[in-house]
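Notes to accompany the following structure.
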Amino acid sequence: MSIKQIAAFSAKAKEDAALGAQLKACEKLKEMFALAKEHGFEFEEDALYPPNEPQFTADQLSARMAKALLRA
């Protein structure tokens, strides 16, 4: 399931400082998907948006990505 993949990728990025820095540097979804795929994770864009719960925190994402993905 895509949500589990997103959560696992987010958790790995929290544990791995280098991956976390690469994630924060992503300015576009396309870049984030490529990074996730490099690390063995695949998920669909639709799973990132409501009504699904956010799997990333604002401090994990660039300002642009946080604005797009963490809409309140």
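One table, with the values for the structure above:
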| read-out | value |
| --- | --- |
| Set Phe41, Phe33: member being surrounded by 13 or more Cβ atoms within 10 Å (Cβ to Cβ), in a helix (DSSP H, G or I) and touching a Phe, Trp or Tyr at 6+ places or on another chain (Cβ under 9 Å) | Phe33 |
| Residue list for the stretch 17-30, filter: buried (at least 16 other Cβ atoms within 10 Å of the Cβ), out of contact with any Lys or Arg (no Cβ under 7 Å at 6 or more places or on another chain) and farther than 19 Å from Tyr49 by Cα | Gln22 |
| Hits in the stretch 44-62 (condition: assigned to a loop (DSSP other than H, G, I, E, B), closer than 13 Å to Leu23 by Cβ and among the polar types (S, T, N, Q)) | Gln55, Thr57, Ser62 |
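Okay, residues lined up against (1) on the phi > 0 side of the Ramachandran plot; (2) touching a helix residue (DSSP H, G or I) at 6+ places or on another chain (Cβ under 8 Å):
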site	(1), (2)
Phe9	no, yes
Lys12	no, yes
Lys24	no, yes
Leu35	no, yes
Gly40	yes, no
Gln60	no, yes
Ala63	no, no
Ala66	no, yes
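Coordinate-derived values only; no laboratory data. Bear in mind the structure is a predicted one, so any value in this text is a computation, not a measurement. For neighbour counting, all protein chains shown are included, and Cβ atoms are generated from backbone atoms with ideal geometry for every residue, glycine included.
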